[in-house]
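Enquirer: I'd like to ask you about the structure that follows.
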Amino acid sequence: MARTAATELEIPGGGQPVLDRLIALLDLEKIEENIFRGVSPAHSPVRVFGGQVAGQALVAAGRTVPEERRVHSLHAYFIRGGDPSVPIVYEVDRIRDGRSFTTRRVVAIQHGKAIFSLSASFQTEEPGIEHAEVMPEGVPAPETLPTLMERAEGYAIGAHARPRPIDLRYVNEPPWVTRETGERPARNQVWMRADGKLPDQQLLHVCVLTYASDMTLLDSVLARHGVYWDTDKVLGASLDHALWFHRPFRADEWFLYDSASPTASGARGLATGRFFAEDGTLIATVVQEGLLRVL
């Protein structure tokens, strides 16, 4: 899927109007039992943004599951590039409805072919043992950091200078800066939140975080090598994506996206990420492998 989400929901000024478009994008049309249809924004990149199709597929799965069962994990494969000019059909397979867990499989289809597949597991809430990693120390508060548009000022990074539904603020120097300074950071840290107010629907908050999870993650791979999407000849695409949701959260409140890349080889890069609420609570973990060809 496409590696930029910046042009997909463009409205001058951004904020709530852009977020409202994302909310509408995730509000799928039900066309038959277990079959839903989604669209892409009018102003989209050449391919559908991976976070969009992942978020829409999770919406489709969630609408076949009782509301009291929360999604705790998803595993997805990006099979073909999505065409933003035509709708995407999501077919849901009700794999299992157990006493505690519900499993769904979703296939996204365009032009008669699968472009994406997702498996998601939902669980009824229950008590159990608990522990969690702590948030990295010394991270400045998000409100003290410049916005993405402020960070982009003076740099030829194209799409990053446009409004988007996710307010994104780099903790460390952005990769287009470290590319020039020669720094090769081992971690990429970004504060994120939906740029406005979301309805009180837990599935929507999870789907918005899923959407955001495909942003900046593979940057942690490229930053290790001093290259960047808009300034170098990089061909990239998400290959597979896995998310685990550990605790309840709101996607319109700040969360820290802390990511790193343990390895890259064979024109593929692996990235891992952790999401922390502003109070330090670990709320989700993500792993993604991406195709990365530096030409």
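The values are calculated or read from the model by the stated rules, or taken from the named source; none is laboratory data. Here the structure is a predicted model, which means the values were calculated and not measured. Cβ sites come from the backbone with ideal geometry, for glycine too, and all protein chains shown count toward neighbours. Quick note on the areas: whole protein, heavy atoms, side chains included, nothing else; ligands and nucleic acids left out. Shrake-Rupley method; radii C 1.70, N 1.55, O 1.52, S 1.80 Å.
Enquirer: Here's a check for you: in region 194-211, which residue that is surrounded by fewer than 22 Cβ atoms within 10 Å (Cβ to Cβ) and not in a helix (DSSP H, G or I) is nearest to the chain's Cα centre (by Cα)?
Expert: So the residue we want is D195.
Enquirer: For residues that are in contact (Cβ under 8 Å) with a residue 60 or more places away in the chain and under 13 Å from F276 (Cβ atoms), tally how many sit in region 117-140.
Expert: 6
Enquirer: Select, from T285, T263, the only residue that is within 17 Å of A54 (Cβ to Cβ) and either free of Cβ contacts under 8 Å to residues at least 60 places away in the same chain or not in a strand (DSSP E or B) (or both). Lay out the reasoning, then the answer.
Expert: Numbers: T263 fails: within 17 Å of A54 (Cβ to Cβ).
Just a single option satisfies the conditions, and that option is T285.
Enquirer: Check region 166-186 and report whether any residue there is among the aromatic types (F, W, Y) and within 18 Å of the chain's Cα centre (by Cα). Reasoning before the result, please.
Expert: Here is the first cut: in region 166-186, the residues among the aromatic types (F, W, Y) are 170, 176.
If we keep only those that are within 18 Å of the chain's Cα centre (by Cα) as well, we get 170.
Yes, region 166-186 has at least one match.
Enquirer: What are the residue pairs meeting all of these: first residue in region 94-111, first residue open to solvent by 40 Å² or more (accessible area, probe 1.4 Å), second residue among the basic types (K, R), Cβ atoms under 7 Å, and 6 or more apart or on different chains?
Expert: R94/R104; I95/R104; I95/R105; T103/R96
Enquirer: Within region 139-160, take every residue that is modelled with pLDDT under 95 and open to solvent by 50 Å² or more (accessible area, probe 1.4 Å) and give me the one that is nearest to the chain's Cα centre (by Cα). Give the derivation first.
Expert: So the first thing to find is which residues in region 139-160 are modelled with pLDDT under 95, and the list is 146-160.
Retained after the next criterion (residues that are open to solvent by 50 Å² or more (accessible area, probe 1.4 Å)): 149-150, 153-156.
Numbers: M149: 19, E150: 22, E153: 24, G154: 27, Y155: 24, A156: 24 Å.
So the residue we want is M149.
Enquirer: Please find, among D252, D214, the residue that is of a type in the set (D, E, K, R), open to solvent by less than 10 Å² (accessible area, probe 1.4 Å) and either at pLDDT below 95 or closer than 28 Å to L28 by Cβ (or both).
Expert: Working: D252 fails: open to solvent by less than 10 Å² (accessible area, probe 1.4 Å).
Result: D214 is the single residue among D252, D214 that is of a type in the set (D, E, K, R), open to solvent by less than 10 Å² (accessible area, probe 1.4 Å) and either at pLDDT below 95 or closer than 28 Å to L28 by Cβ (or both).
Enquirer: A follow-up question, please. Would you tally the residues in region 279-294 being over 11 Å from G236 (Cβ atoms) and surrounded by fewer than 16 Cβ atoms within 10 Å (Cβ to Cβ)?
Expert: So the answer is 2.
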